[in-house]
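To start, the structure itself, in structure tokens.
The values are calculated or read from the model by the stated rules, or taken from the named source; none is laboratory data. Since the structure is predicted, the reported quantities are computational estimates derived from the model, not experimental observations. Neighbour counts are summed over all protein chains in view; Cβ atoms, including those assigned to glycine, are modelled from backbone coordinates with ideal geometry.
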Amino acid sequence: MYYAKITGWGKCLPPAVLSNADLSTFMDTSDEWITSRTGIRERRICHCNFSDMAIVAARRALAAANVAPEELDLILLGSLTMDSLCPNTASLVQNAIGARNAASIDINSACTGFLYGLHIGTNLIKTGAHRKVLVIGGEFISHYMNWARRDVAVLFGDACGAVVLEASTERTGLLAARIGCDMDTSSAIQITNFGSAYSRLSDDFLYLGWNFEGQEVFKRAIKGMAFACEDVLMQTGLRMDDIHIMVPHQANRRILDALAKRLDIPEEKIMVNVHKYGNTSAGTIPVALTEALEENRIRPGDYVLMASFGAGLTWGAGLVQWGDRTVALQVSDADLPPCQQSALEILAPHIQRYKAHAL
Ligand code: ACO
């Protein structure tokens, strides 16, 4: 049997920063409210396409693994903010990086997209069906944001991350996973007025609405992630004390604190960067994982616990045993096109549009 070793990792953060103070220039909110309720201080706003971020993250992960694009046989891309409905965005990444021998699949399970992809990619390697898989997770959620909704707009940001999985006989990579979906709360996070369930004849077809039940999501997130974490520990025969670092979905600092308390895991073992980027949905785990490696918080052989939740409400956890290398083999010079605008300048036309709609 093969394991799926994580041999490369990379992230892409767009440079334009939107602070809490910036948000309070066009909506009735404050740094105090956002920081105390969520822990978020700022987030990034993308100035190009989602696939541009995915391509940069992919190139950086491939360089870290020293894997040529032609060696890949599968690309899995977790996101809910794809460039287009057709073709899929994984194929755009495939074309841009030159992964001519890969199959390309988009996965939409919202914030759990990366974890679902890691689970699927790992198991396809374990069966012998694939040998080198690129798993990408990320979001261009500012594109779908309703800038008239202060309860939603302050929470999210744009980013993308990626890992390379390679077949290995070493006991390494994702050792156990548990994924699921609370089917009775599918409307708790919902983007409305977009998709084939909505009339194309409606006057406000382009006005994106959001159903968002923050407190319900809060409770379910903790319950779902705690259950999934306990399940992967049971599957592997490990205890919480054996975990070296937890890399959870970064939605809200208060959710992370409550999860830590419930799982009885010390705060210093939890990777937190939600203050810098907000909730980047499927991007949070691969970006936080890359930063944990850059900050030398993961050592060879460490047990890394991941947990996530998102619209659906999807949830899951994964337990990774890190391999023998925590340093990138090569560094890619791939980057986004230059950004000439501030985050507020990028968003100005969108904010105007939502303001006009509200009048
Ligand atoms: N600024 C100022 N006031 C605000 C803001 C804002 N940005 N947003 C809401 N308020 C107001 C509300 O209108 C309300 O006012 P009222 O009492 O006069 O009616 C008050 O603040 C309290 O609102 P609540 O919704 O009760 O605030 P709560 O403490 O529950 O915090 C939050 C809201 C942060 C959304 C919280 O419920 C939460 O974190 N939920 C988890 C949801 C989450 O993180 N989702 C992201 C996951 S989605 C995904 O991962 C795909």
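Odds and ends about this structure:
For every residue, the table says whether it meets (1) within 23 Å of residue 118 (Cα to Cα); (2) hydrophobic (A, V, I, L, M, F, W, C).
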residue	(1), (2)
32	no, no
40	no, yes
55	yes, yes
70	yes, no
83	yes, no
87	yes, no
102	yes, yes
105	yes, yes
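Yes/no matrix, rows are residues, columns are (1) surrounded by fewer than 22 Cβ atoms within 10 Å (Cβ to Cβ); (2) touching a residue at least 24 places away in the same chain (Cβ under 8 Å); (3) within 13 Å of the ligand (Cβ to nearest atom); (4) of a type in the set (A, V, I, L, M):
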position: 24; (1), (2), (3), (4): yes, no, yes, no
position: 28; (1), (2), (3), (4): yes, yes, yes, no
position: 39; (1), (2), (3), (4): yes, yes, yes, no
position: 55; (1), (2), (3), (4): no, yes, no, yes
position: 85; (1), (2), (3), (4): yes, no, no, yes
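- Residues in segment 184-220 that are within 15 Å of the ligand (Cβ to nearest atom), without any contact (Cβ under 8 Å) to a residue 24 or more places away in the chain and not in a helix (DSSP H, G or I): 192 alone.
- Residue in segment 135-147 that is nearest to residue 74 (Cα to Cα), counting only those that are in a strand (DSSP E or B) and within 14 Å of the ligand (Cβ to nearest atom): 137
- Among the candidates 150, 131, 100, residue that is surrounded by fewer than 19 Cβ atoms within 10 Å (Cβ to Cβ) and within 16 Å of the ligand (Cβ to nearest atom): 150
- Every residue from segment 266-291 that is surrounded by 21 or more Cβ atoms within 10 Å (Cβ to Cβ) and in a helix (DSSP H, G or I): 274, 277, 281, 282, 283, 284, 285, 286, 287, 288, 289, 290
- From the list 155, 174, the one residue that fits, being modelled with pLDDT of 95 or more and closer than 18 Å to residue 250 by Cα, is 155.
- For segment 1-79, the helices (runs of 4 or more DSSP H) that sit wholly inside it and include 3 or more residues that are over 22 Å from residue 92 (Cβ atoms) are 20-23, 31-38.
- Matching residues in segment 224-239 - criterion: being touching a residue at least 40 places away in the same chain (Cβ under 8 Å) and among the acidic types (Asp, Glu): 231
- Residue 51 being within 16 Å of the ligand (Cβ to nearest atom), within 29 Å of residue 217 (Cβ to Cβ) and modelled with pLDDT of 95 or more: no
- Residue within segment 172-179 that is within 18 Å of the chain's Cα centre (by Cα), surrounded by 15 or more Cβ atoms within 10 Å (Cβ to Cβ) and of a type in the set (Lys, Arg) present: yes
- Residue in segment 337-355 that is under 22 Å from residue 136 (Cα atoms) and under 19 Å from the mean Cα position of the chain (by Cα) present: no
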